[in-house]
Amino acid sequence: MTAIKVDNVTKVYKLFERPIDRLKESLRPGHKEYHRKFYALNNISFDVEEGQFVGIIGTNGSGKSTMLKIITGVLTPTTGTVTVNGRVSALLELGAGFNMEYTGIENIYMNGTMMGYSRQEMDKKLPEILDFADIGDFVYQPVKTYSSGMFVRLAFALAINVDPEILIVDEALAVGDVFFQAKCYKKINEIREGGTTVILVTHDMGTVIKYCDKVIVLNRGHFVAEGEPGKMVDLYKKILAGQFDERELEGIGQKADFADQLLRESEKEKTQKQPENSGKAEADGKAAAGEDSAPGISQTEQDGPWMERLSINKEQLQYGDGSARIVDLGIFDHKGELTNLLFKGKEFTIRMKVRFTRQIKDPIFAFTIKDSKGTEITGTNSMIEGCDTGTVQAGQTVTASFRQRMDLQGKDYLLSLGCTGFEHGEFVVYDRLYDVVNLTVISDKNTVGYFDMNSRVTIE
Ligand code: ADP
Ligand code: MG
């Protein structure tokens with residue numbers, strides 16, 4: 001039997017340049033339209049069979065969360081229909097379905113009611129939920145006082161202990177600690193063996209391959225293909241690497257009307273990125289922080305600022321005395337392609353262009369990487385790395401490049417950049433951009449904790 005039928009679903013968001021435009025349009029319906037239409041989902045159709053474990057993968061912004069929200073009824077589609085047969089329990093992006101002012105207990109009962117359980121039924125489920133969440137007396141505190149880890153524990157405990165017929169999980173697991181994650185996956189597996197239908201959105205390709213019966217690939221709001229996990233993960237990697245070819249879809253059970261367009265887009269991107277590929281100097285491992293003047297850089301400038309082609313955090317924080325300004329930044333993968341998506345185990349380069357407004361001796365260039373909880377995972381600077389930056393003149397622009405291997409786990413991260421220095425023995429911040437850009441790491445294998453030690457195992 002079909003548990004979920006998604007039929008020609010399109011979701012259009014209205015984008016307004018300025019908040020006042022939204023107001024103007026709402027005040028005079030039927031008059032001038034002030035919005036631009038954005039297709040977050042474009043004619044998506046797929047079925048999920050009862051008891052199936054289905055993964056949805058795709059780059060950031062491809063519409064995965066929007067799709068899950070439509071299936072769970074949090075959002076309504078602009079056109080198209082979704083038919084759901086069975087009691088749904090969902091773990092959406094942090095916060096969805098919870099009232100921040102209510103306590104944990106109150107939220108448990110509120111969600112239970114929404115799922116159609118009576119108070120007495122929830123009374124019976126409560127001990128199991130509390131036991132799984134294991135957050136102690138915090139359940140009597142308003143949810144807004146929780147750490148993201150505690151929040152996920154409660155949300156997951158709730159979602160999974162209400163006997164769902166359909167369980168929907170959106171990446172939320174990445175927030176808990178590893179032991180809790182392990183506990184969650186064990187529980188998900190139990191649930192699935194009990195016949196529950198599961199839809200999971202994740203960046204962890206290891207999980208996708210291990211658990212999914214079927215995988216759906218979305219890209220920029222379009223359905224690309226669906227099929228066997230291994231093949232879909234390969235396809236996804238090709239999309240990431242910009243080498244997706246329509247012909248690849250043959251024989252993997254696709255129904256992609258979109259393949260055509262995607263192919264054309266990736267062709268276009270390839271030709272745009274050509275100059276960067278030809279500037280291979282850095283790919284040969286020559287470049288180090290500060291001394292990188294590979295021809296690739298000056299040539300990519302023809303394409304305009306790197307920043308314009310990355311997904312930049314609009315809520316970034318900027319701070320500094322203005323003696324220098326970070327005017328551009330880029331992340332380049334192992335092939336020298338500008339991207340927010342990196343593969344674990346592969347080399348990548350962080351670059352920043354800094355313009356100086358006065359003469360500065362020995363400026364320090366730095367980056368840090370935080371996880372979505374705000375924990376600083378790693379970072380370095382040109383001074384620590386022993387790179388002599390010399391004296392920079394007013395009006396000069398310097399490009400600092402950091403090249404290294406990505407050994408962080410497959411997850412989302414935030415990158416911060418800075419240019420600082422010492423003057424008369426005092427530490428001075430010239431310019432800092434906090435959490436300026438989102439960085440997604442794709443992995444085939446996530447180990448325990450923050451990074452991979454690349455252990456080699458032998459048994460004797
Ligand atoms: P994913 O989960 O795959 O990263 P999302 O479903 O969150 O993608 O978002 C798909 C696209 O829709 C993104 O480009 C996002 O910026 C956009 N989007 C999501 N929510 C809104 C909204 N409320 N208004 C406008 N655009 C939105
Ligand atoms: Mg999402």
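Could you run the Karplus curve 6.51 cos²θ - 1.76 cosθ + 1.60 with θ = phi - 60° over the range 401-410 and give me ³J(HN,Hα) per residue in whole Hz, x for Gly and Pro?
Those phi angles translate into 10, 10, 10, 6, 9, 8, 10, 6, 5, x Hz.
I'd like to compare 357-367, 208-218: which one has the highest average count of other Cβ atoms within 10 Å, and what's the full order after that?
Details: 357-367: 18.8, 208-218: 21.1.
Top of the packing list down: 208-218, 357-367.
Under the definition of Cα pairs under 8 Å and six or more residues apart, what whole-number percent is the relative contact order of the range 2-265? Intermediate results must be reported in sequence, preceding the final value.
Details: 459 pairs, mean separation 62.0, N = 264.
It comes to 23 percent, rounded to a whole number.
Taking the beta-carbon count within 10 Å as an exposure proxy, list R432, R36 from fewest neighbours to most. Before the final figure, lay out the partial values.
Numbers: R432 19, R36 11.
Ranked by crowding around the Cβ, least crowded first: R36, R432.
At 0.36 nm per residue, minus the direct Cα-Cα distance, what do V429 and E315 gain on full extension? Give it in nm, one decimal, please.
Gain in length upon complete extension: 39.1 nm.
From the backbone phi of the range 365-370, what are the Karplus-calculated ³J(HN,Hα) couplings (6.51 cos²θ - 1.76 cosθ + 1.60, θ = phi - 60°) in whole Hz, Gly and Pro given as x?
After applying 6.51 cos²θ - 1.76 cosθ + 1.60, I find 9, 9, 9, 9, 10, 10 Hz.
What pairs in K183/K346; K124/K210; K5/K187; K237/K353; K183/K210 have C-alpha atoms more than 22 Å from each other?
Details: K183/K346 30 Å; K124/K210 33 Å; K5/K187 25 Å; K237/K353 29 Å; K183/K210 16 Å.
The answer is K183/K346; K124/K210; K5/K187; K237/K353.
May I ask you to order 198-204, 7-13 by the average number of other C-beta atoms within 10 Å around their residues, highest value first?
On the way: 198-204: 23.7, 7-13: 16.7.
With the highest mean Cβ count within 10 Å placed first, the list reads 198-204, 7-13.
Just want the answer: with Cβ charges of +1 for Lys and Arg and -1 for Asp and Glu, which residue in I384, V354, Q316 is farthest toward the dipole's positive end in the range 299-442?
Farthest towards the positive pole: Q316.
Using only Cα atoms, locate the centre of the range 194-231 and the centre of the range 14-42, then give the distance between them in Å, rounded to an integer.
If you average the Cα positions of each part, the centres end up 34 Å apart.
Return the subset of K144/K411; K14/K314; K186/K344; K238/K445; K24/K144; K144/K370 for which the Cα-Cα distance in this structure is over 28 Å, preserving the input order.
On the way: K144/K411 24 Å; K14/K314 18 Å; K186/K344 25 Å; K238/K445 18 Å; K24/K144 34 Å; K144/K370 22 Å.
Cα-Cα > 28 Å for K24/K144; rest within.
Find how many whole Å separate the alpha carbon centroid of the range 395-458 from the alpha carbon centroid of the range 93-127.
Cα centres, the range 93-127 to the range 395-458: 39 Å.
Read the figures in this text as sums done on the coordinates, not as results from a lab. All of these numbers come straight from a predicted model, not from anything done at the bench. Note that each Cβ is placed from the backbone with ideal geometry, even for glycine, and that neighbours are counted across all protein chains shown.
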